[in-house]
Amino acid sequence: MTTLTHRGRRVEGRNSDKKPDSEEDAAADRELNEDDPDDSKDIRLTLMEEVLLLGLKDKEGYTSFWNDCISSGLRGGILIELALRGRIRLEPLSLRKKRLLERKVLLKSDAPTGDVLLDETLRHIKATESAETVQTWIELLTGETWNPFKLQYQLRNVRERLAKALVEKGILTTEKQNFLLFDMTTHPVSNTSEKQRLVKKLQESVLERWVNDPQRMERRTLALLVLAHASDVLENVFASLADDKYDVAMNRSKDLLDMDPEVEAAKARGTEMIWAVLAAFNKS
């Protein structure tokens, strides 16, 4: 699991019914499907695309070779994105299964999303003989399983597929770079304003617009902070800040990410998948 670090002085049952179980579920679904008003005029990116964009070196066009967290972080982003789009949810609380990491991921709808990675994951979830937990799905989608019969659920070439999607949206470009012994396809940032907008949004969420209550945060912003931390790219978000603001941003992020996922998930059903993904990474 990644850790938040401070710099000194400046010197990364399977299927459920299609209808909500209750009015509370219906209200949560409506909230989850609301767009962030701040993003209404901008290019719409998935959480996975945003995490990759935050992790990419602008000019070099690749993520840090030392980052071994981003692969699983991207898979966690897929689960949250599917939940935010009303395709999956956690099974209801029961006397036997109360904790987030004990509850299985259930299919709410198999309607296509239009995103290749999301739809591929939906097919995997639908095809499983028995439902799996959030932590197990992250491991399966990443390919970190010792069960050879489960390797079919691995999502391959996720970073490259996300990069190509960002190229199609005009945010990245494609180049070939030579690294002495081999050539590598890279994707430098061509639309820097979009990345700057994303970074500014996250910076403001823990500075000028800080609410000190995750239940009052816009859900996609909360999810992105969790995923940026899990993917070890949160440092990239705050690197451009002055030292005093950097320290405030890191302290507030740490306070947020140190909250008890069980307690926070119980406060608002619509954020359960976000907190379950954080709980999975806290345990790993």
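The values are calculated or read from the model by the stated rules, or taken from the named source; none is laboratory data. Computed from a predicted model, the values in this text were never measured in an experiment. Don't worry about glycine lacking a Cβ; one is built from the backbone with ideal geometry, like all the others, and counts go over all protein chains shown. Side chains included, ligands, DNA and RNA excluded: accessible areas come from the protein's heavy atoms. Shrake-Rupley method; radii C 1.70, N 1.55, O 1.52, S 1.80 Å.
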Probe 1.4 Å, accessible area per residue of region 231-284, Å² | 39 Å²
If the viscosity is 0.890 mPa s and the temperature 25 °C, what translational diffusion coefficient in µm²/s does Stokes-Einstein give for region 183-284 when Rh comes from Kirkwood over Cα pairs?
-> 168 µm²/s
Straight-distance crosslink candidates among lysines, where the alpha carbon sits under 23 Å from residue 169 and sequence neighbours closer than 8 are dropped = 41, 57, 59, 195, 200, 201
Heavy-atom accessible area of region 75-164 with neighbours in place, 1.4 angstrom probe: carbon+sulfur share in percent works out to 51 percent
Only Cα pairs under 8 Å and at least 6 apart count here; give the relative contact order of region 141-198 as a rounded whole percent.
-> 22 percent
For residue 104, which lysines qualify as cross-link partners when the Cα separation must be under 26 Å and same-chain residues fewer than eight apart are set aside?
-> 18, 19, 126, 150, 267, 283
By how many nm would the segment from residue 129 to residue 164 grow when fully extended, if each residue of separation counts as 0.36 nm and the alpha-carbon distance is taken off?
-> 9.4 nm
Whole-Å distance linking the alpha carbon centroid of region 163-191 with that of region 81-109 is 36 Å
Packing-based ranking, highest mean first, of 64-75, 82-93 given that Cβ atoms within 10 Å are counted | 82-93, 64-75
